[in-house]
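Following: one structure in structure tokens, then a few remarks.
Computed from the coordinates by the stated procedures, all read-outs in this text should not be read as laboratory data. None of the values given here were measured: they were computed from a predicted structure.
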């Protein structure tokens, strides 16, 4: 099973993190949405999400993608996951979320596309993801 997903992540405190080649970045406490996908030959949507959950829970592991660095921060916790099974809509979902976000982290998670970012900051209030789903679905 392949697909696109959104991770709703709560960052408990302001944090400075090293994010791979992006370097050291400052993140404000609050809610973030990360948009990712699993369409590779050897990865499934469930396995990709399980990997994110494991990194977030254990706060250690091999750091491969930008989101891995974010999830291993002790202040970060995944609060909700939304899946779009068999839908290749990662960029469309990210662009929709960016229109409602306070800001987006430039270059985060989008090295293989033309998006500005795949990580969006919503401040102290969790975004109502269901509000975006109707506008996103094909």
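Annotations for the structure displayed:
- Only alpha carbons enter this Debye calculation for the chain, each as an equal point scatterer, and the log10 of I(q)/I(0) it gives at q = 0.15, 0.21, 0.22 Å⁻¹ is -0.67, -1.44, -1.60.
- Across the chain, Cα pairs under 8 Å and at least six residues apart give a relative contact order of 31 percent.
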